[in-house]
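Have a look at the structure below before the remarks.
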Amino acid sequence: MKKIMLTGDRPTGRLHVGHYVGSLRRRVELQNTGDFDDIFIMIADAQALTDNADNPEKVRQNIIEVALDYLACGLDPEKSTLFIQSQVPELCELSFYYMNLVTVSRLQRNPTVKSEIQMRNFEASIPVGFFTYPISQAADITAFKATVVPVGEDQMPMLEQTKEIVHKFNSVYGETLVEPKILLPDNEACLRLPGTDGKAKMSKSLGNCIYLSEEPEDIKKKVFSMFTDPTHIRVEDPGRLEGNTVFTYLDAFCRPEYFAEFLPEYKDLDELKAHYKRGGLGDMKVKRFLNNVLQAELEPIRNRRKEFQKDIPAVYEILKKGSKKAEQVAAQTLKEVKAAMKIDYFSDEALIREQAEKFAEE
Ligand code: TRP
């Protein structure tokens, strides 16, 4: 069976370090293994509109931001197809047919939809499009016959829903769709990178994100104001690692070679952690190290982004070309779906012949 990867992001803002360790970094690594027959990376503008219907300009402006972040991280249009969801109308058609296979109560039980309804104060007035976005996400995934979907943990319920739709479709209409596998980050810190304030959710409105395009001075400011262990007051005090954002970020970003480069008096992260727990290691020292690590990680990304920013029309050209290719692939799947559902009247010569014979006998 072919190995096909599909994933994507809503264009509602620049991407941040949570996106990076949660999925982006992995995508680039997977892309560069050369193991995949095809890779599709989608800017999910139609999905972003399900809860931003009154703010299309925001979605429009952020397409390029996300595309630049993708390219800056190393997604390579020669190896991965970068495309815009709304430019592949086949996805809407697939969603429409999948809607027959999902109940209202099943959607109401989707934990992601549930928590997002709360977050957006949608309790009393959920737009139908928003309510059904898990179905459209199943269309995104199945249209490309994706076998692997690298996403954050929050997307797990979406993948479950997709698998259910695949099973239902295949059992009702015959084997047509491919079941995808979710690929989660293998490290706990990457699974749920907190905001710089220690809060679970990173969000623009809380001002607790570090963006991939963040300037060095701002990275530094954010690192030095990070939440640590509030009971670790004097350097001599023993410190706690649980809920300590600085250490969570080190778990997500630190590479062994950074010790030799920036903090040679420690062998590795375990040794640094042990000292912190024992007492005698100040927060400032750990923050200075984390700042060095983040600067080293983000500098090449920021620089590449600036290069791509110099030629915006070329970036749109990449998205246009990618959208065209994505549409061809989705159209093929849609054709198979319609044939399985017996709505392929004009291409089914047997149907026309049999009916001609039937009416001739009358
Ligand atoms: N729901 C994803 C997000 O919030 C974006 C997305 C849309 C997606 N369709 C997808 C991710 C299909 C993976 C596969 O960022």
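The values are calculated or read from the model by the stated rules, or taken from the named source; none is laboratory data. All values reported here derive from a predicted model rather than from experimental measurement. Neighbour counts are summed over all protein chains in view; Cβ atoms, including those assigned to glycine, are modelled from backbone coordinates with ideal geometry. We work out accessible area using only protein heavy atoms, side chains counted, and drop any ligands, DNA or RNA first. Shrake-Rupley method; radii C 1.70, N 1.55, O 1.52, S 1.80 Å.
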- How many of the residues in the range 173-223 are over 24 Å from Ser115 (Cβ atoms) and either open to solvent by less than 40 Å² (accessible area, probe 1.4 Å) or more than 20 Å from the chain's Cα centre (by Cα) (or both)? 18
- Exclusive hit being loosely packed, with under 14 Cβ neighbours inside 10 Å, in contact (Cβ under 8 Å) with a residue 12 or more places away in the chain and part of a helix (DSSP H, G or I), set Glu271, Glu261: Glu261
- Evaluate the following for Ser115: is it surrounded by 15 or more Cβ atoms within 10 Å (Cβ to Cβ) and outside any loop (DSSP other than H, G, I, E, B)? no
- Message: Given the criterion of a type outside the set (Phe, Trp, Tyr), more than 12 Å from the ligand (Cβ to nearest atom), touching a residue at least 24 places away in the same chain (Cβ under 8 Å) and closer than 20 Å to Ala340 by Cα, identify the matching residue among Leu177, Leu184.
- Response: Leu177
- Item | Which listed residue is free of Cβ contacts under 8 Å to residues at least 60 places away in the same chain, crowded, with 18+ Cβ neighbours inside 10 Å and not charged (D, E, K, R), from Asn170, Asn100, Asn121, Asn110 | Asn110
- Answer with yes or no whether Ile63 is within 14 Å of the ligand (Cβ to nearest atom) and over 24 Å from Arg192 (Cα atoms). yes
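For every residue, the table says whether it meets (1) part of a helix (DSSP H, G or I); (2) among the β-branched types (Val, Ile, Thr); (3) touching a Gly at 6+ places or on another chain (Cβ under 6 Å).
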position	(1), (2), (3)
Leu281	no, no, no
Val286	yes, yes, no
Asn292	yes, no, no
Arg305	yes, no, no
Phe308	yes, no, no
Pro313	yes, no, no
- Message: For the range 14-31, give me each residue that is open to solvent by 10 Å² or more (accessible area, probe 1.4 Å) and under 25 Å from Glu57 (Cβ atoms).
- Response: Arg14, His16, Gly18, His19
- Item | Subset of the range 135-158 that is out of contact with any Leu (no Cβ under 9 Å at 6 or more places or on another chain) and more than 23 Å from Leu75 (Cα to Cα) - its residue that is least open to solvent (accessible area, probe 1.4 Å) | Met158
- Working carefully through the options Arg304, Arg353, find the one that is under 30 Å from Tyr249 (Cβ atoms) and open to solvent by 80 Å² or more (accessible area, probe 1.4 Å). Arg304
